[in-house]
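Encoded as structure tokens, the structure appears first; notes follow it.
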Amino acid sequence: MDKKLSKEELIDLIDSLNPKIKKSLKNTHYQDRNDLEQEIKLKIIESYEKIAAIEAPNFEEFLAEFLTKQKR
């Protein structure tokens, strides 16, 4: 990823997923819902941070490296 999301954008992302999270939580016990909701949101943030930290080559870099390896 070239650009990391700002805190506001990450909050907006989580807010956009909130209806799905709430719907899924209806399948759990009422007492566990708040804890599970927090855990789900935390996992979303952790997963985003892992993905954002990955530095993958763009297509041109990948192609150049691939062609270089093919010539050997």
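Quick note: the coordinates plus some simple rules give every number you see, no bench work behind them. Worth saying up front: this structure is predicted, and the values here are computed from it rather than measured. For neighbour counting, all protein chains shown are included, and Cβ atoms are generated from backbone atoms with ideal geometry for every residue, glycine included.
A compact table of results
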quantity: Identity of the residue in the range 35-72, under 18 Å from LYS4 (Cβ atoms) and of a type in the set (Asp, Glu), that ends up surrounded by the fewest Cβ atoms within 10 Å (Cβ to Cβ); calculated: GLU55
quantity: Selection from the range 16-34 of residues that are in a helix (DSSP H, G or I) and surrounded by fewer than 11 Cβ atoms within 10 Å (Cβ to Cβ); calculated: SER16, PRO19, LYS20, LYS23, TYR30, GLN31, ASN34
